[in-house]
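As structure tokens, the structure follows; a few thoughts come after it.
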Amino acid sequence: MQPLIDNARTFGQRPEEFAGLAKGQSPEVLFITCADSRVVPALITGARPGQLFELRTAGTIVPPYASEHPTGEAATIEYAVEVLRVQHIVVCGHSHCGAVGALVRGEDLDAVPAVRDWLRHAADEPDCSDKADPTVAEAVQSHVLTQLLRLRSYPCIEKRLHADELRLHGWYYEVHTGAVREHRSQTDTFEAL
């Protein structure tokens with residue numbers, strides 16, 4: 001913890017670098033990814049403060065849209081799309097994802113009931129031909145595509161997609177190599193950026 005505290009102390013010693021941020025934010029991208037500590041959107045993309053609006057959830061899960069029972073995730077998505085007018089949404093899954101691995105392997109999560117119940121929002125079990133693969137690459141990539149489909153059911157996203165004002169992107173990040181792959185609809189594969 002001490003190195004983090006030390007950095008936080010020196011971080012605020014350059015106020016001139018941050019003064020412009022007080023005027024507001026206008027990020028171009030909503031970046032949806034896992035809460036996993038190995039996934040750092042600003043590090044992966046090189047983004048500076050104000051460039052990414054982030055939504056981090058256990059397992060990179062986008063919950064179903066339900067206006068009668070709003071969630072913090074739905075509110076974040078709606079705010080990014082309607083108020084901030086982001087032009088792109090990236091759903092970024094990652095290798096070695098514990099949540100997706102638990103889904104694929106059908107792990108008993110009764111000891112963590114909130115996690116168990118949250119993972120039910122994942123929709124279908126992700127496709128995976130090799131359940132022993134520790135990277136769960138195939139399953140995570142399938143899961144990313146499912147979450148992109150889920151996003152399309154949000155009215156604010158459907159409207160902006162129909163108006164050609166928004167683009168959706170599916171990414172897969174390898175925590176063990178740093179490589180990032182993007183889903184290409186033409187080939188239905190994840191390829192290097």
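Between residue 117 and residue 87, the simple spin-label model (points 7 angstrom out along Cα→Cβ) gives 4.1 nm. From the Cα gyration tensor of the stretch 44-106, with a ≥ b ≥ c the square roots of its eigenvalues, which class applies: rounded if a/c is under 1.5, or else prolate if a/b is larger than b/c, or else oblate? Note, shape of the stretch 44-106 comes out oblate.
Going from the fewest other Cβ atoms within 10 Å to the most, the residues 10, 146, 71 appear in the order 10, 71, 146. Under the simplified labelling scheme, the residue 21-residue 7 pair shows an inter-label distance of 1.4 nm, with each label point 7 Å from Cα along Cα→Cβ. Restricting the calculation to Cα atoms, the chain yields a radius of gyration followed by a Dmax of 17.6, 52 Å. Put in line by how crowded their Cβ is, counting other Cβ atoms within 10 Å and starting with the fewest, 44, 157, 5 read 5, 44, 157.
By the beta-carbon count within 10 Å of each Cβ, the least crowded to most crowded order of 188, 130, fewest first, is 188, 130.
Subtracting the Cα-Cα distance of residue 38 and residue 167 from their residue separation scaled by 0.36 nm leaves 43.9 nm. Here the chain carries DSSP beta bridges of which approximately 30% are antiparallel, counting only pairs with both residues inside.
Compared with the direct C-alpha span, the chain from residue 153 to residue 177 gains 5.3 nm at full extension, assuming 0.36 nm per residue. With loop membership from DSSP and a limit of 15 other Cβ atoms within 10 Å, the longest segment of the chain without trypsin sites (Lys or Arg not before Pro) is 132-193.
Here, each number is a calculation from the coordinates, and none is a lab measurement. The model shown is predicted, which means the values in this text are computed figures rather than measured ones. Neighbour counts run over all protein chains shown; Cβ positions are idealised from the backbone, glycine included.
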